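Report on one structure; see the data block that follows.
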Amino acid sequence: MLPPNDVEDVLSCLPQALVRVGPDLRVQWCEEGFAAKTGVVLAPGGTLVDVLEHGRSLDALERAIRDGRTHSGHVITRALRQVRVQVKPAHAGGAWLVVEPSGVDDEGAFSQAVREIARAVGESLEVDRVCSAAVVSLVRCAQVRRAEVFLYEEDDATLRRMAVSDLDGHELPGDAFNPAEDPYRQALALRQPQLGIQRGYGDAVGSVFAAVPLCAPRRTVGLLLIYKEQGVSFSVRELEMWSAAASQLAVAVENARLLREAQAALRVREEFMSIASHELKTPLTPLKLGLYSMERRIAAGQPVELASVLKSKRQVDRLAGLVEDLLDASRLELGRLALDSSPLEVGQLVAEVVDHFRHAFERPFSVEVPPDGVWVLGDRDRLEQVLVNLLENAHKYSPAGAPIAVRVQRTADAARIQVQDHGIGIPGADQGQVFQRFYRARNVSHRNFGGLGLGLFISHSIVKMHGGALALRSLEGEGSTFTMDLPRMSAHEVRRLPRRVLVLDEDRSQEAAAERTLRAEGFEVFTVQNGAEALRQATHLPVDLIVLSTSATQPQMASFLETFATLPRARPVPILLAGDSRPWWAQENTGLCPRPYRADELLAGVHHVLGRERRRTVSPVESEVVLATPA
C-alpha cells in the first residue's frame, strides 16, 4: 500500500530524518527536510560515502546495510558534525536510516562553568591556577570529556600546554599537538572557533573537538581545546557560549600576566634603587675624604701630593661614567639618543680602543683585522662606547692575566667585531636577559663587581640603532664571546671615499705645493710642521699614505719615528719618501719621488705606492717592514 500523500508533513514534525539507501549506499529516497534537520545534504542518486568521514563507524554502517542487519551508532559528517544513525533493513534490499543530529545547547552548564572560572580568577591572578580552574570547570560542568589550554610563551611565538583535565586521566594521543595544522592555525588566524577530529580518541573513528582561540582585547593569547563526550557533537549555540567563556579566560590570563610584569618591574626598580645608591655612594666616599685631606694640607701650607689628586680624579671619572649611563638610558627610553654617522673604518677603531686598554691594564690583548679596510657608516663615539663597555666587562669578569681577544671580520654584508674572554661566563638561564635594563647575571656579586646593569642595555640599543645586532655566546666558568654585526658599506661606496695622505715637510712652501697637487687629484690631505702632532690628528681614521721629506733634521725625524711607532694602527702605513736618495734608516723597496715636488712625479709616486699596497692586501704575502726604527 502506498503511503498517504501527507506523510511528508508528518515527518517534518519529527526531530529525526528518514532516508532509504540501497546495498551500494546510494540514496533511493530521502525526506524533503533532511538537510534542515541534520545539516547533511543528500539527494537521490548520491552516496553516503560522499558526505561521511571515512573510518570505522562508516565501515560498520556499510556492513550493517549490506548484511541486512539492524545497527545503531554515531558517524561524523564531512562538515565535522556528529550524527546518530539507526539502520532498519528493508524487505527489497538496502535499508532505512533514521538520522538525528547530536549536540546540546546547555546554557545551564555554560553558566556554571563561567561562574567557576570567575571564582578562580577572583581567588588568584596566577596564570597556571586560572588555566587549571578553567579546564576543570569545563569537564565538571559540561558534556566535555577533555579540555586543554595552550598559551603563547611570553618571550616567543610558541604555544605551550598550561593545563589539562580529562575524565579518564588520559594523555592526548601521541601528544602530537601541532599549531601549524588545521584547525589550530585557522582558529588562531581567524580568531574564530574551528572544529576538528582527533584520531584514536573517544570512539573508534576519533573524537570531535573544538579549537577556540583565547582572544584578549589586544592580542590572541592562546587556544582552548574542548573534546566532547563519545557520540556527542557541538552545536552552533554551544560554540558561541564557549567562545564567550574563552574570551573571559583570555582576559584573566592577560590581567595575570600584566600583574606579574608590574610586580617584576617594581622588584627591578627597588633593586636598581638599592644598587644605584650603593654605586653612586662608593666613589663619593673616597672623593670626599681625599678632598678633605687636601683641604687640610693646603690650610697647613703643606704641598698636595699628585697621587691624591689622581685618586680623586679617578673617582670623579667613575662618578661621571655612572651618571652618563643613567642619562643614556633615559635618552634611549625617550627616543632622544641621536647618532652622528660618517664613514668609519672598523679595524682602525678597534686598534685604537684596544691600544688604550693595553696601556691601562696589565693583561694580554690580541687584535686580528683583515688586511684591507672594513668600512661602516656609524657614529664613531657611540661605537667606541660599545667597544669600551665590552672590553671593560671582559677585563672585569676575567681572572688576572687571562687573555682577551678582539677580532674584526668581513661577512657577506656585515662588519663583524668579536670580543672574547676567558672569565666567569654567564649562566644559560641569564643569557636571554643580559641586554635588558638593570639586569645582572646571577653569578655576579654586587659586592665584588660594581655597575648599574646598564652597559649592555645601552650597547645593545646603540648597535640596534645602527641597524646591526649584538649577540652573546657564553659558557659559565669558561668565558663569553660578544659578537657585534654592523651593516657594511658597499664596495662602490668605499671606492668613492677620498684617500687620506699625510704630508710631512719642513719647508712650508714645498708642503703647500704637495698639498695643492694631491687635493686637485681628489686626496684628503693633512699637513702639519710637527710630524708627531700630525700623526695624532690623523689617528681617528686610517691614513692611506705618508709623504715624508728626507731632508728633515734628525730631531724632527726622531720625533716622527717615535710617534709613528707608538700610535695605534690596524695595518702598516706605506711611506713615500721625497728627496734625492733614501736615508740610511729606510728599506730599499721604500717608494721615492724627487723633491722639490713636480705634480706629475709626485702623483706617479703616490699611485705607484698605493697600487702596490692594494695588490699586497688582495694577495697577502709575508709582511714587509716599511720603516725601520733607528738605533
* To do: Quick one: PRO596 ticks every box in (1) assigned to a loop (DSSP other than H, G, I, E, B); (2) at pLDDT below 80; (3) not hydroxyl-bearing (Ser, Thr, Tyr) except a single one, so which number is it?
  => (2)
* To do: Hey, could you check segment 505-515 for residues that are open to solvent by 10 Å² or more (accessible area, probe 1.4 Å) and not in a helix (DSSP H, G or I) and say which is modelled with the highest pLDDT?
  => ASP507
* **Hits in segment 580-600 (condition: over 20 Å from VAL525 (Cα atoms) and either surrounded by fewer than 18 Cβ atoms within 10 Å (Cβ to Cβ) or free of Cβ contacts under 8 Å to residues at least 24 places away in the same chain (or both))** => ASP580, SER581, ARG582, PRO583, TRP584, TRP585, GLN587, GLU588, ASN589
* Condition check for LEU577: farther than 19 Å from VAL525 by Cβ, in a strand (DSSP E or B), within 55 Å of the chain's Cα centre (by Cα) and free of Cβ contacts under 8 Å to residues at least 60 places away in the same chain -> no
* Among (1) part of a helix (DSSP H, G or I); (2) open to solvent by 10 Å² or more (accessible area, probe 1.4 Å); (3) modelled with pLDDT under 85, which single condition is PHE560 missing? -> (2)
* Structure fact -> Contact list, first residue from segment 549-560 and at negative phi, second anywhere and open to solvent by less than 50 Å² (accessible area, probe 1.4 Å) and part of a loop (DSSP other than H, G, I, E, B), beta-carbon distance below 6 Å, six or more apart or interchain, is SER549/ASP505; THR550/GLY579; THR550/PRO583; SER551/GLY579
* To do: Give segment 516-557 a look and list any residue that's at pLDDT 85 or above, out of contact with any strand residue (DSSP E or B) (no Cβ under 8 Å at 6 or more places or on another chain) and acidic (Asp, Glu), or say none.
  => GLU521
* Given the structure, is ASP485 acidic (Asp, Glu) and under 20 Å from ALA338 (Cα atoms)? -> yes
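At pLDDT 75 or above and surrounded by fewer than 16 Cβ atoms within 10 Å (Cβ to Cβ): does that describe GLU240? I'd like the intermediate steps shown before the answer.
Details: at pLDDT 75 or above: yes; surrounded by fewer than 16 Cβ atoms within 10 Å (Cβ to Cβ): yes.
The answer is yes for GLU240.
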* Asked: List pairs: first in segment 468-492 and of a type in the set (A, V, I, L, M), second assigned to a loop (DSSP other than H, G, I, E, B), Cβ under 6 Å, 6+ apart or cross-chain?
  -> LEU472/GLN431; LEU475/GLY425; LEU486/HIS466; LEU486/GLY468
* Here is a list of conditions, (1) open to solvent by less than 30 Å² (accessible area, probe 1.4 Å); (2) closer than 21 Å to HIS466 by Cβ, and ALA405 meets all of them except one; can you say which number that is? -> (2)
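The values are calculated or read from the model by the stated rules, or taken from the named source; none is laboratory data. Keep in mind the model is a prediction, meaning the values are calculated, not measured. Cβ sites come from the backbone with ideal geometry, for glycine too, and all protein chains shown count toward neighbours. These accessible areas exclude ligands, DNA and RNA; they are computed on the full protein's heavy atoms, side chains included. Shrake-Rupley method; radii C 1.70, N 1.55, O 1.52, S 1.80 Å.
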